[in-house]
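Report on the structure given below.
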Amino acid sequence: MTLWIEPYRYDPDPYRSDSNRMGAVITFGPKQPRASPTWLGQEAYSEIRRFVVIQVGYGNAICSAIYTYSGQATLKPNLPNHQQHAIIYTGKHVPEEQLYITDDGTEVFENLSKNPIRVTSEQNSPEGVLNPASRINYSKIYTVEDYVRVLDIGVVHADSIETLRRSSLLYQAELTPNDLNKKRNESGKKKAR
């Protein structure tokens, strides 16, 4: 967990998600996003952000972010790459995928294709518990410098480490173009069912 600052986007839909070793789960900054003026008349916002360390670099860690998307999980409207997300949770049991019911009574589920990631909490406080709507977003890679102040909230459970590696885009980069095309075709078939 850490304070995370990035360029401010206008009309944001603020999502809250509630070490630098492979599989570490860390959190950053204030709980509500805050816009602040910066140089050249631009703005930046800051918020608490949770990350999972995917790989330790030289003076930094390569991470994937954890989001709840305002409690909507991957059912948030217009969310790109929802199939690049997975449930990430603390505790012994995987939370149910989110669902909503349309006006005509149809149930709409997340239908996530990636396996869930279990986290063993290292905190005896609310910071160490992930919201049931928490999703790891593999499609966005962040670099977190070692000098940034973080709070280790837990570590990916040993049974989930291999799943984390296989699902990460960082490790998928080692695949050949033919492997990637095959994976895309397989995921397209899963969606059509």
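The values are calculated or read from the model by the stated rules, or taken from the named source; none is laboratory data. Values in this document were obtained by computation on a predicted structure and should not be read as measured data. All Cβ positions, glycine included, derive from the backbone under ideal geometry; neighbour counts span all protein chains shown.
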If we keep only residues of the stretch 76-105 that are aliphatic (A, V, I, L, M) and closer than 21 Å to Ser168 by Cα, then the residue surrounded by the most Cβ atoms within 10 Å (Cβ to Cβ) is Ile88
Over the stretch 59-90, the set of residues in a loop (DSSP other than H, G, I, E, B) and either touching a Ser or Thr at 6+ places or on another chain (Cβ under 8 Å) or among the hydrophobic types (A, V, I, L, M, F, W, C) (or both) is Thr68, Lys76, Leu79, Pro80, Asn81
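Assess whether Arg9 counts as being in a loop (DSSP other than H, G, I, E, B), buried (at least 16 other Cβ atoms within 10 Å of the Cβ) and either of a type outside the set (Gly, Ala, Ser) or modelled with pLDDT under 65 (or both). Give the derivation first.
Numbers: in a loop (DSSP other than H, G, I, E, B): yes; buried (at least 16 other Cβ atoms within 10 Å of the Cβ): no; either of a type outside the set (Gly, Ala, Ser) or modelled with pLDDT under 65 (or both): yes.
When the stated conditions are applied, Arg9 does not pass them.
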Scanning the stretch 52-74 residue by residue, those under 11 Å from the mean Cα position of the chain (by Cα), on the phi > 0 side of the Ramachandran plot and not hydroxyl-bearing (Ser, Thr, Tyr) turn out to be Ala73
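Tell me, which strands (runs of 3 or more DSSP E) wholly within the stretch 93-146 include 1 or more residues that are among the acidic types (Asp, Glu)? Can you show your working first?
Numbers: elements: 99-101, 107-109, 117-121, 135-145.
In the stretch 93-146, 107-109, 135-145 are the strands (runs of 3 or more DSSP E) which contain 1 or more residues that are among the acidic types (Asp, Glu).
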If I filter the stretch 98-117 for residues that are small (Gly, Ala, Ser), within 18 Å of Phe51 (Cβ to Cβ) and within 18 Å of the chain's Cα centre (by Cα), do I get at least one hit? no
Within the stretch 77-90, the residues that are at pLDDT 90 or above and either more than 13 Å from the chain's Cα centre (by Cα) or among the basic types (Lys, Arg) (or both) are Thr90
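For the stretch 120-148, name all the residues that are among the charged types (D, E, K, R) and touching a Leu at 6+ places or on another chain (Cβ under 7 Å). So that I can check it myself, show each step before the final result.
The initial filter retains those residues of the stretch 120-148 that are among the charged types (D, E, K, R), namely 122, 127, 135, 140, 145-146.
Result: Glu127, single match.
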If we ask which residues in the stretch 48-77 are within 25 Å of Glu97 (Cβ to Cβ), in contact with a strand residue (DSSP E or B) (Cβ under 8 Å, 6 or more places away or on another chain) and not aliphatic (A, V, I, L, M), their number turns out to be 9
